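One structure below.
The values are calculated or read from the model by the stated rules, or taken from the named source; none is laboratory data. For clarity, every value in this text was computed on a predicted model and none was experimentally measured. Cβ sites come from the backbone with ideal geometry, for glycine too, and all protein chains shown count toward neighbours.
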Number of protein chains: 4
Amino acid sequence: MPIGKKSWIIPDAYIPPKSSGSLESHEAICVLNRNQETVHLDIHLYFEDREPIKNIKYEIHGNRTKHLKTDSLHIDGESVPKGVPYAIEVTSDLPIVVQYSRLDTTQSENALMTTLAYATD
Amino acid sequence: MPIGKKSWIIPDAYIPPKSSGSLESHEAICVLNRNQETVHLDIHLYFEDREPIKNIKYEIHGNRTKHLKTDSLHIDGESVPKGVPYAIEVTSDLPIVVQYSRLDTTQSENALMTTLAYATD
Amino acid sequence: MPIGKKSWIIPDAYIPPKSSGSLESHEAICVLNRNQETVHLDIHLYFEDREPIKNIKYEIHGNRTKHLKTDSLHIDGESVPKGVPYAIEVTSDLPIVVQYSRLDTTQSENALMTTLAYATD
Amino acid sequence: MPIGKKSWIIPDAYIPPKSSGSLESHEAICVLNRNQETVHLDIHLYFEDREPIKNIKYEIHGNRTKHLKTDSLHIDGESVPKGVPYAIEVTSDLPIVVQYSRLDTTQSENALMTTLAYATD
C-alpha cells in the first residue's frame, strides 16, 4: 500500500541571509519515497510580490530519502533568493511524505524548526 | 482543485516582549493562497482573560504567499499586546494553507519554532 | 459549528530540570476553547516505568485560550516530575484545539519547540 | 477505543555528529502506547544512497510512553550512523502515537525541534 500523498504545501519558507558559527543557515525539503519506483517531483515556489517559479524537477529513487537543500533548487537560471519570504509546493507522480526543516545560524548558536508539510491528494 | 481549508487555528501565539542580538522577536502567520483569485482573511484573536479581538481583515493576491507579522495586526486602535498569551483563528473565503512560526530573541541567540495550524472547513 | 476534537495526545513531554538566563525552562499545553460554554478538561499523564497519573481537572471559559504550564498540574499531592520523559493525554467534554510548546533554558540561550497535538474523537 | 495509527513516517532524521555544552546531541522517537497490551514496534531506516536497515524490533508496555533515542537502535551489528540524513518508518501491531524530536548541541547553546510523525493505517 502506498504511503503518503502527491501534493504538499510549506507556507513558511525562508533562507536566512546570514550565517555564523560552524554551520551554514539552510532549509531542507525532506522527502521519503517508500515506493519501489523512482518518484518524479515537480516543485513550485510562491512569493509575496512576484510571479511563482514553477516546475523545478527532481527525482528520488525507490526506498530512499532525500533531504533536499533549497539553495540547490534552480531552473532557467533562477534559484531561491536568500532573505526573501516564500512558500513551497511539492507535487509528485507517486505518494511521498514531506517534512520541512530550517537551521538558522544568524547568531553563532543554532536555531532549528521543523514541521510536516500540509498534505493533499 | 483548490488546496487547503477555510478555517485555521493556532492555540499558542505570543509575542516575546524582549529582543536582543541583531533580530527582533516576532511571530508570523504564513499563508499560501494557491487560488487564482484574491483571498479575503478574517482574523480573530482569543485571550485568557478578556473578550476576543475579532474581524481583523487582510487580503492576499492569487498565487502569492504572505508571511504576516502579528505585530502588524490592528483594528479600531487595538493591536496584539506583547508578552500576553493568546490564540489565533484565521478564516477565509477561499481555501488556504496556514503555518505559524515564532522567532524569540529574548536572549541574544535565536530560538525558532513552527507548526502547521489546525485546519477545519 | 464546533472547532476541534475531544481527545489530544502529546507523546513527547518533558520539563527540563535546569534553567539559566532570564527565563525558566517550561512546557505549556496551549488550548483554544472556541465554544460559547466552559469546557472541562481531563488530563492524564503516562510514564516510561510507572502507572499513569489520571484525571487532573481543568476548566476553560468559552471563547478563551489557556496556555497551561505543566508544572502547575497536580492531583492528590502528585505533580509532574522534572527531568522525566512522559506523555500527555487531554480529553474534554467539548471540542478544543491543543498545541504543545517547550522552552528549554538549560543553556543560557533559549531553545523552543512546538507542535500541534495528535487529535482523535 | 484505540488511539493512534499503526504506521508512522519521519522524513527528516539526523543525529548531529558534534556535541558541546552540558547536553549531548540526540534524537528521540517518542511513542505513546494507550492500549492495555504491550505493543510491538518494527522500525525501518531509509537512506539517501544505500539500502534500508529494516525490522529493528522494540516493545512498549500498555499505558506507557517511551522516548526512544535513535542512537540506541541497532540490528545485526548495524546502528544509526551520525551525521547522515535518513528517514524513519515505525510500524506497530496496535495503534500508537509518534512524535519526533531532535536536540542539537553542535554549538554550546541548545537548539530543539519537534513534530508529530506522519500517520497512516
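Provide a single number: the residues in the stretch D:55-68 that are touching an Asp or Glu at 6+ places or on another chain (Cβ under 7 Å) and either over 26 Å from A:ILE96 (Cβ atoms) or crowded, with 22+ Cβ neighbours inside 10 Å (or both).
Here the count works out to 6.
Here are the criteria: (1) assigned to a strand (DSSP E or B); (2) farther than 23 Å from C:MET1 by Cα; (3) facing another protein chain (nearest Cβ under 7 Å). Tell me which single one B:THR106 does not satisfy.
(1)
Got a number for residues in the stretch C:56-92 being in a loop (DSSP other than H, G, I, E, B), within 14 Å of chain B (Cβ to nearest Cβ) and under 11 Å from C:ILE29 (Cβ atoms)?
Of the residues in the stretch C:56-92, 0 are in a loop (DSSP other than H, G, I, E, B), within 14 Å of chain B (Cβ to nearest Cβ) and under 11 Å from C:ILE29 (Cβ atoms).
Considering only the stretch D:1-54, state which residues are touching a His at 6+ places or on another chain (Cβ under 8 Å), surrounded by fewer than 23 Cβ atoms within 10 Å (Cβ to Cβ) and either in a strand (DSSP E or B) or basic (Lys, Arg) (or both).
D:ALA28, D:ILE53, D:LYS54
Residues in the stretch D:93-103 that are more than 14 Å from D:PRO17 (Cα to Cα), at the interface with another protein chain (Cβ under 9 Å from one of its Cβ atoms) and not hydroxyl-bearing (Ser, Thr, Tyr): how many?
Residues meeting the conditions: 4.
Name every residue in the stretch A:59-104 that is of a type in the set (A, V, I, L, M, F, W, C) and within 18 Å of A:PRO11 (Cβ to Cβ), in order of residue number.
A:LEU68, A:LEU73, A:VAL80, A:VAL84, A:ALA87, A:ILE88, A:VAL90, A:VAL97, A:VAL98
Among the polar types (S, T, N, Q) and under 17 Å from A:PHE47 (Cα atoms): does that describe B:ASN55?
In short, no.
Considering only residues that are among the β-branched types (Val, Ile, Thr) and within 23 Å of A:TRP8 (Cα to Cα), which ones fall in the stretch B:1-58?
Answer for the stretch B:1-58, where residues must be among the β-branched types (Val, Ile, Thr) and within 23 Å of A:TRP8 (Cα to Cα): B:ILE3, B:ILE9, B:ILE10, B:ILE29, B:VAL31, B:THR38, B:VAL39.
Given the condition free of Cβ contacts under 8 Å to residues at least 12 places away in the same chain and closer than 24 Å to B:LEU116 by Cα, answer yes or no: does some residue in the stretch A:108-117 qualify?
Scanning the stretch A:108-117, I find at least one residue that is free of Cβ contacts under 8 Å to residues at least 12 places away in the same chain and closer than 24 Å to B:LEU116 by Cα, so the answer is yes.
Look at the stretch D:75-107 and say how many of its residues are free of Cβ contacts under 8 Å to residues at least 24 places away in the same chain and either in contact with a Cys (Cβ under 7 Å, 6 or more places away or on another chain) or not acidic (Asp, Glu) (or both).
The number of residues fulfilling the criteria is 3.
Any residue that is aliphatic (A, V, I, L, M), facing another protein chain (nearest Cβ under 7 Å) and either over 15 Å from D:LYS66 (Cα atoms) or touching a strand residue (DSSP E or B) at 6+ places or on another chain (Cβ under 7 Å) (or both) - is there at least one of those in the stretch D:29-44?
Within the stretch D:29-44, one or more residues are aliphatic (A, V, I, L, M), facing another protein chain (nearest Cβ under 7 Å) and either over 15 Å from D:LYS66 (Cα atoms) or touching a strand residue (DSSP E or B) at 6+ places or on another chain (Cβ under 7 Å) (or both).
Restricting attention to the stretch C:70-121, report how many residues are among the polar types (S, T, N, Q), in contact with a strand residue (DSSP E or B) (Cβ under 7 Å, 6 or more places away or on another chain) and modelled with pLDDT under 95.
From the stretch C:70-121, those among the polar types (S, T, N, Q) are C:70, C:72, C:79, C:91-92, C:99, C:101, C:105-108, C:110, C:114-115, C:120; that's our starting set.
When the remaining residues are screened for being in contact with a strand residue (DSSP E or B) (Cβ under 7 Å, 6 or more places away or on another chain), the result is C:70, C:91-92, C:99, C:101, C:110, C:114-115, C:120.
Subset that is modelled with pLDDT under 95: C:110, C:120.
So the answer is 2.
D:PRO52: within 9 Å of chain A (Cβ to nearest Cβ) and free of Cβ contacts under 8 Å to residues at least 12 places away in the same chain, yes or no?
Against the criterion (within 9 Å of chain A (Cβ to nearest Cβ) and free of Cβ contacts under 8 Å to residues at least 12 places away in the same chain), D:PRO52 qualifies.
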